[in-house]
Amino acid sequence: MDLVVGQFLTGLSYGSTLFLVSSGLTLIFGVTRVVNFAHGALYMLGAYVAYAATSALPATPLGFFGGVLLAACIVALAGVLIEFVVLRRIYAAPEIFQLLATFGVALILQDVALAIWGPEELFAPRAPGLKGVIEVGGAFVPQYNLLLTLIGPAIFGVLWWVFRHTRWGTIVRAATQDREMAGALGINERWLFSAVFALGAGLAGLAGALQIPRETVNLQMDVTILVEAFVVVVVGGLGSITGAFWASLAIGVLHAFGIWLLPQSTLVLVFVVMAVVLIVRPYGLLGRPEVATRTVRAATHAPFVPLPARARLAMLAALAVAVAAPLLFGDYALVLATEMAILALFAASLQLFMGHGGLVSFGHAAFFGLGAYAAALLVRHASLPFAAAVVAAPLAAGAAAALAGFFVLRAQGVYAAMLTLAFAQILWSVAVQWVDFTGGDNGLLGIWPPSTSRLVYYALTLAVVGLALLALRRAALAPFGYALRATRDAAERAEALGIDVRRLRWAAFIAGGAFGGLAGALQVFQKGAVFPNALSLSTSVDALVMVLLGGLQTLSGPVVGAIAYHALATELLRHAEYWRLALGVIIVVVVMLAPQGIVGTLRARWRAMSAAQGRSQASSHRSAQREGSQ
């Protein structure tokens, strides 16, 4: 009984921390509709600032908790700065681009912390006066854990009172339920967004600051807490503080008992729970369906048309450069070009159902990694030849996409995206823990193509990727692509016209998964190995960044985005000490100056120039006609 009580209280204390982080995340999303990928970095920043403050202040309860509150206030100011400098300038852009901007901010904050505090793990002082234990129900529980258990409900009570009994809270609730109507009623959205971002960031900073007596302060603490906070927010219901509170406590307790009773399930348990909740209730426990439908809006755009002759010549020139560059610049350029080609296919496979179908995925790495593992396992355990493994891998990934898509398409917006993340994390945990079959963290090594020549493999990769990209382009310009975009822009009207919306999106999701699996198969033979990180969240985020950086609503955007992102990341990693800072600044600048992506912005400027030239020619023609008539 004492073990049960101890684990239960441990789970409540962890759930309390989860609530502080997730409440800020759900609040920011509910009001601003920003999926804040920088929220974990703000949590990490709160821990670092609290470490510095508590180390400098006197080792007394007042000094320690004063440092914790100071850290929360500093992180709140950082949140206001992020909202004012970055997000305020792109609220009019499609919401998915705001996600890209916050990803860039997360990279910046990570290297800022690295520059100030260094790469080593830091050990913060214990909380003065709370270093002992208390016996509760026969279990000995640390005093500090009990304090954390009380802080979460106390913060929830304060937030509940503020949102129910103050004018500002009423405004926040109104904006959460219908932001457009709140703006039409005269609410100053700019000040509201800044205040909400400050509160949300401050809560994340407070959570990070309160964790320093329990764990070391390090640069990796942002990713883990961000993923779990997303799980809490989605299970509770986006925009619901009450839902986040109960979901936090439930997941905290589940996590504690999972470690005790089923230690092998700790990596996947919360994602299984999230998947089950969203399958049963697609908008979370206390979420509202109308919130989910407005989380990600795909902007309508001019219809895609076949390339004009000039653009085709440019594509042929780019292909010639792709073929010739590795021959001119040596082995390094050869490896880099091969990786760019594979990543271009990976990004294009995501863009098939995200850009055309409006289905955002936070877990597209599931199909990329599954294709890689399928090819490697077939070669290793079934002794399949190279060509057969490359053909079988996309079939396996497509079959997995069919299964996942059946459930993903029951949800909408961010809820659907989080279901894809749950699917990817489940596969990742299997790859990590099934050591005898997948090799675990050591991966599967020695998976090489028949030819040892990198030039031969590059030529083969370029041919396969070129054919795959051509097939994706043909699909986009075929009736399939037009019907898919109709379901994205006006699903009800498309349904009324006789289009089977769900089946069409499912087909696009399966095709995207299959092409992603093909990219993974090519990658495993390029690297000669596959590791669980092929299934990780960071790989999924890389795919999102490549698509958005190039241009979501363009056919060539994923290719350009993949080349630009991989080249930047690789060269910055080689030559810049703080490469994440530089890459993050570049991403933020591109999003602010070119919210349509690189190709989308260039296309818009080209059309504007062509229109202006056409007007100028028409004006000159009219002037000539008038002169002739005179």
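In this structure, is Ala569 surrounded by fewer than 20 Cβ atoms within 10 Å (Cβ to Cβ), of a type in the set (Gly, Ala, Ser), within 30 Å of Leu444 (Cβ to Cβ) and outside the structural domain of Val335 (by TED's automatic domain parsing)? For Ala569, the condition - surrounded by fewer than 20 Cβ atoms within 10 Å (Cβ to Cβ), of a type in the set (Gly, Ala, Ser), within 30 Å of Leu444 (Cβ to Cβ) and outside the structural domain of Val335 (by TED's automatic domain parsing) - is met. Residue-level analysis places Gly104 outside the set of residues that are farther than 18 Å from Met221 by Cβ, in a helix (DSSP H, G or I) and in contact with a Phe, Trp or Tyr (Cβ under 7 Å, 6 or more places away or on another chain). Checked against the criterion of being touching a Pro at 6+ places or on another chain (Cβ under 6 Å) and either assigned by TED's automatic domain parsing to the domain that holds Met418 or closer than 21 Å to Gly24 by Cα (or both), the candidates Phe65, Phe97, Phe84, Phe103 yield just one match: Phe97. Just to be sure I understand, how many residues within segment 210-242 are assigned to a helix (DSSP H, G or I) and either over 11 Å from Gly284 (Cβ atoms) or more than 22 Å from the chain's Cα centre (by Cα) (or both)? Number satisfying all stated conditions: 13. Would it be correct to say that Ala511 is crowded, with 24+ Cβ neighbours inside 10 Å and either in contact with a strand residue (DSSP E or B) (Cβ under 9 Å, 6 or more places away or on another chain) or assigned to a helix (DSSP H, G or I) (or both)? Considered against the rule, which asks whether it is crowded, with 24+ Cβ neighbours inside 10 Å and either in contact with a strand residue (DSSP E or B) (Cβ under 9 Å, 6 or more places away or on another chain) or assigned to a helix (DSSP H, G or I) (or both), Ala511 comes out as no.
To keep it simple, each residue is scored yes or no on (1) out of contact with any Leu (no Cβ under 6 Å at 6 or more places or on another chain); (2) without any contact (Cβ under 8 Å) to a residue 24 or more places away in the chain; (3) of a type in the set (D, E, K, R); (4) in a loop (DSSP other than H, G, I, E, B).
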site	(1), (2), (3), (4)
Phe329	yes, yes, no, no
Ala333	yes, yes, no, no
Met340	yes, no, no, no
Ser349	yes, no, no, no
Val360	yes, no, no, yes
Leu370	yes, no, no, no
Tyr373	yes, no, no, no
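Of all the residues in segment 391-441, those that are polar (S, T, N, Q) and without any contact (Cβ under 8 Å) to a residue 40 or more places away in the chain number 0.
Of all the criteria given as (1) part of a loop (DSSP other than H, G, I, E, B); (2) surrounded by 12 or more Cβ atoms within 10 Å (Cβ to Cβ), the one not satisfied by Thr452 is (2). Among the candidates Ala459, Ala476, which residue alone is surrounded by fewer than 16 Cβ atoms within 10 Å (Cβ to Cβ) and part of a helix (DSSP H, G or I)? Matching residue, one of Ala459, Ala476: Ala459.
The values are calculated or read from the model by the stated rules, or taken from the named source; none is laboratory data. Keep in mind that what you see is a predicted model, and the values were worked out from it rather than measured. Cβ sites come from the backbone with ideal geometry, for glycine too, and all protein chains shown count toward neighbours.
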